[in-house]
Amino acid sequence: MIDAPPGAEVLLVEDSPTDAELCLRALRKLSLAHVFAWVKDGEEALNYLFGTCGGPGSEPLPRLILLDLHLPKVNGLEVLQKIKQGKDTKCIPTVVLTSSKVDRDIVESYGLGANSYISKPVQFDAFIETVSWTGLYWLVVNQPLAISDGAVHGSRTAA
């Protein structure tokens, strides 16, 4: 079952319940977003983004995707590739948040269009801090793009 409400501001793609809870706790603590979606495998992520639950034309797409690489059903690299090829999803900031420190995974992730690659810290406090800083950057500091009718536009107007 997908624990993913349509219209979520952050989509977390993570098969580990412990890591998912830590991520959501860190983001909620800073009130960085109000609605979170958590999917537990790559197939659920693709269904959420491109299928009936929150896909284009239905509910708004997330402002940020946190994506693990080692997922059941469809791996994170395949999910990343589909996100960055999608007309409506390619500009969504997608952060690979994984335990892998393998050079090949890092190179392939960036080659597929990942906006950032972060290896999950093992220690609890470091994990919470890393996710908090990641959320602050991508949801507050970063200047996002908006897509309408396949065209890319800045999401903020000039002062």
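Quick one: length gained pulling VAL122 to LYS101 fully straight, 0.36 nm per residue minus the C-alpha distance? Mind dumping the intermediate values first?
Numbers: separation 21, 0.36 × 21 = 7.56 nm, distance 1.23 nm.
Working it through step by step, the gained length comes to 6.3 nm.
Cross-link partners of LYS87 among aspartates and glutamates, defined as those whose alpha carbon lies under 15 angstrom from its own and excluding same-chain residues fewer than eight positions apart: ASP149.
Here the Debye sum runs over all C-alpha atoms of the range 10-154 as equal scatterers in vacuum, and log10 of I(q)/I(0) at q = 0.08, 0.12, 0.13, 0.18 Å⁻¹ comes out as -0.19, -0.44, -0.52, -1.05. What separates the Cα centres of the range 11-50 and the range 76-120 is a distance of 15 Å.
Quick note: the coordinates plus some simple rules give every number you see, no bench work behind them. Fair warning: this is a prediction, and the values are worked out from it, not measured in the lab.
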